[in-house]
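No value in this document is a laboratory result; all are computed from the given coordinates. Bear in mind the structure is a predicted one, so any value in this text is a computation, not a measurement. Virtual Cβ from ideal backbone geometry, glycine too; neighbours counted across all protein chains shown.
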């Protein structure tokens, strides 16, 4: 069995359902490089297994995912030269300088991997709860279906906290709608599980205590659909959205994302290519309150 440090992988229902669990609960499943690489391996394991029909992606601890890891001990170790550096920082542009390095690294480990998971040859279900912030949305949106606990909070705060035009996999207009996407990105406000269900982004909303059990029931129902039919349903919908411009828009917005990084890197020299408090942004380290996108509050 494959060993993982940052995720869990198990097969249930006689191997017909694979369950992948993000397992950095103390960091609210913030995505360090090791986690993302392991996640790719886990998705591949499920894809290669002809018995598996449905993959559930969930998170351990209080939240599904608080987004990219921007400074935990694991993140610093993985980035820093030395024996603990993650090998992916020494390839795919990692040894190059300037925007070249950041562009190629993010293309491989934040963007292309998410697109790959969106097209996985299995039906995938994101089982989310607690905070689903920024890059947490990417992991959610690349799944075919989303099931949420009643306590789930969806938000992309990179505009107000990092000065960025959303995340690398820019699904916002497709998931929220154009005007709602602008509002949520410009304010950093959040949607509840019920709000997301009303938009059609979330399929089911369950009591938090029942989330995992009910998600397995939902996945078991879907696993009854013959594999050929299930994948052609998935492919028919994905190709329809692609014909409407989805994939082309993702590619274009990834380039805009890189321009935004380059702006901050040139302006303030920040190696992460993000804005700072001195630029008038919220201090993300203080975890400012995320307010709901209420229709009667400015």
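For the ranges 181-191, 79-89, what's the packing order if you count other beta-carbon atoms within 10 Å of each residue, average per peptide, and put the highest first? Walk me through the numbers on the way to the answer.
On the way: 181-191: 18.4, 79-89: 12.7.
Highest mean packing first, the order is 181-191, 79-89.
If packing is taken as the mean number of other Cβ atoms within 10 Å per residue, what is the order of 163-175, 212-224, 53-65, highest first?
The packing order, highest mean first, is 53-65, 163-175, 212-224.
Does anyone have the angle between helix 211-223 and the longest principal axis of the chain? Alpha-carbon axes, 0 to 90°, nearest 10?
60 degrees
Beta carbons within 10 angstrom, averaged per residue: use that to sort the peptides 258-268, 24-34, highest first. Could you put the intermediate results ahead of the total?
Working: 258-268: 16.4, 24-34: 21.3.
The peptides rank, most packed first, as 24-34, 258-268.
Against the longest alpha carbon principal axis of the chain, how many degrees, from 0 to 90 and to the nearest 10, is the axis of helix 33-48 turned?
Once rounded, the angle reads 20 degrees.
Only residues of the stretch 202-237 count here: report those whose backbone N is under 13 Å from the spot 7 Å along Cα→Cβ of residue 150, or say none.
205-211
In degrees, nearest 10, range 0 to 90: what is the angle between the Cα axis of helix 178-187 and the longest Cα principal axis of the chain?
Helix 178-187 and the main axis of the chain meet at about 50 degrees.
If I take every Cα pair under 8 Å that is 6 or more residues apart in the chain, average their sequence separation and divide by the length, what percent do I get for the relative contact order? Don't skip to the end; give the middle numbers.
Working: 511 pairs, mean separation 47.0, N = 298.
Computed value for the chain: 16 percent relative contact order.
Most fluctuating residue of 146, 125, 274 in a GNM of the chain with Cα springs under 10 Å: which is it?
Comparing 146, 125, 274 in a Gaussian network model of the chain, the most mobile one is 274.
Report the extension gain between residue 252 and residue 13 in nm, rounded to one decimal, defined as 0.36 nm multiplied by the number of residues separating them, less their alpha carbon distance.
Working: separation 239, 0.36 × 239 = 86.04 nm, distance 4.07 nm.
Working it through step by step, the gained length comes to 82.0 nm.
Taking every pair of alpha-carbon atoms in the stretch 105-164, give the share separated by more than 17 Å as a whole percent.
Result: 46 percent of Cα pairs exceed 17 Å.
Among [x] 38; [y] 27; [z] 23, which one is percent of Cα pairs over 32 Å apart computed from these coordinates?
Identified label for the calculated read-out: [z].
As a check on your grasp of the helix formula, calculate [θ] at 222 nm for the chain: sum -39500 (n - 2.57) over DSSP H runs of n ≥ 4, divide by the residue count, round to the nearest 500. Before the final figure, lay out the partial values.
Values: 12 runs with 125 residues, N = 298.
Mean residue ellipticity at 222 nm (helix-derived): -12500 deg cm²/dmol.
How big is the stretch 147-216 by Rg and Dmax over its Cα atoms, in Å?
Radius of gyration, then largest Cα-Cα span, for the stretch 147-216: 13.2, 39 Å.
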